[in-house]
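These notes are about the structure you will find just below.
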Amino acid sequence: MTSIPDILAMGPVMPVIVIDDSSKAVPLAQALIDGGIRTIEITLRTPAALESIRAVADACPDILIGAGTVTNEALATSARDAGARFLVSPGTTDAVIKGAADAGLPLLPGAASVSEIMRLMDAGFSAIKFFPAAAAGGPSFVKSLASPLAGLQVCPTGGISLDSARDWLSLPNVPCVGGSWIAPQTMISAGDFRTIIANARAAAALAD
Ligand code: 3PG
């Protein structure tokens, strides 16, 4: 099992995927791999999500697949059964924490306030998804956490672009950002994998 800190260290950007057609999942994952991406979050927001996770888990050993938008216990188990290797939630309830534990998968738990983050640290989490990142405070909010919440790793997601990713990644407590800009829903539906490869390359290069 790969730990959340190890997953966040796999690259500067984790694409957040909303997919409507599971037949596009493997070409999408291949485009991301070709562009230098090593981990993705497929959100459980569409009927095609679980089948997409299953397809990528079966066909693409070179990418570590997580399930996103895990908002209840049952989704954690379904994601694990489909082949997800980690879970991501937009916010965190006791049910989501229990679901991840029962599924035996690491969880990147969502939080948007200092008190929420402190509760997660009390529960043993050392990394969180800060969501919705731009709307909930932007880079200055996360910068302010570095001193009081030492040792915390933050993966901001929500409203981040290639340009703004640089501001976030310059913070010492941000190893990785998440975002849909690399492979937006409409681009996946249109099968525009050429642009997705280019976006993935630009995102992966943020590590340089
Ligand atoms: C998420 O679930 O993290 C967000 O939907 C991604 O946000 P973005 O679409 O603004 O990148």
Residue pairs qualifying under the 9 Å Cβ cut-off, at least six apart or on distinct chains, with the first in segment 47-74 being closer than 16 Å to residue 85 by Cβ and touching a residue at least 40 places away in the same chain (Cβ under 8 Å) and the second being hydroxyl-bearing (Ser, Thr, Tyr) and surrounded by fewer than 24 Cβ atoms within 10 Å (Cβ to Cβ), are 64/2; 64/39; 66/39; 68/43
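Hey, does segment 163-170 have a residue that's outside any helix (DSSP H, G or I) and farther than 30 Å from residue 100 by Cα? Before the answer, list the steps.
Step one: list which residues in segment 163-170 are outside any helix (DSSP H, G or I), which gives 170.
So of that shortlist, the ones also farther than 30 Å from residue 100 by Cα come out as 170.
Scanning segment 163-170, I find at least one residue that is outside any helix (DSSP H, G or I) and farther than 30 Å from residue 100 by Cα, so the answer is yes.
With the condition kept exactly as written, say whether any residue in segment 185-207 is within 10 Å of the ligand (Cβ to nearest atom) and aliphatic (A, V, I, L, M).
Going residue by residue through segment 185-207, those that are within 10 Å of the ligand (Cβ to nearest atom) are 185.
Within this subset, residues satisfying the condition of being aliphatic (A, V, I, L, M) are none.
No, segment 185-207 contains no residue that is within 10 Å of the ligand (Cβ to nearest atom) and aliphatic (A, V, I, L, M).
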Scanning segment 123-145 residue by residue, those open to solvent by less than 40 Å² (accessible area, probe 1.4 Å) and either within 13 Å of the ligand (Cβ to nearest atom) or free of Cβ contacts under 8 Å to residues at least 60 places away in the same chain (or both) turn out to be 128, 129, 130, 133, 136, 137, 138, 142, 145
For segment 165-179, pairs from a residue that is under 10 Å from residue 154 (Cα atoms) and open to solvent by 90 Å² or more (accessible area, probe 1.4 Å) to a residue that is in a helix (DSSP H, G or I) and modelled with pLDDT of 95 or more, with Cβ under 7 Å and 6 or more apart or across chains, are none
Note: among 37, 19, 7, just one is assigned to a loop (DSSP other than H, G, I, E, B), buried (at least 19 other Cβ atoms within 10 Å of the Cβ), in contact with a Gly (Cβ under 9 Å, 6 or more places away or on another chain) and touching a residue at least 60 places away in the same chain (Cβ under 8 Å), namely 37
The correct count of residues that are of a type in the set (A, V, I, L, M, F, W, C), farther than 26 Å from residue 52 by Cβ and under 17 Å from the mean Cα position of the chain (by Cα) in segment 164-206 is 3
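Any idea which of 206, 162 is open to solvent by less than 40 Å² (accessible area, probe 1.4 Å) and in contact (Cβ under 8 Å) with a residue 24 or more places away in the chain? Before you say what the answer is, go through the steps one by one.
Details: 162 fails: open to solvent by less than 40 Å² (accessible area, probe 1.4 Å).
Just one listed residue meets the conditions, 206.
The values are calculated or read from the model by the stated rules, or taken from the named source; none is laboratory data. Just so it is clear, the structure is predicted and the values come from calculations on it, not from any experiment. All Cβ positions, even for glycine, are placed from backbone atoms using ideal geometry, and neighbour counts span all protein chains on display. In case anyone asks, the SASA skips ligands and DNA or RNA and just uses the protein heavy atoms, side chains included. Shrake-Rupley method; radii C 1.70, N 1.55, O 1.52, S 1.80 Å.
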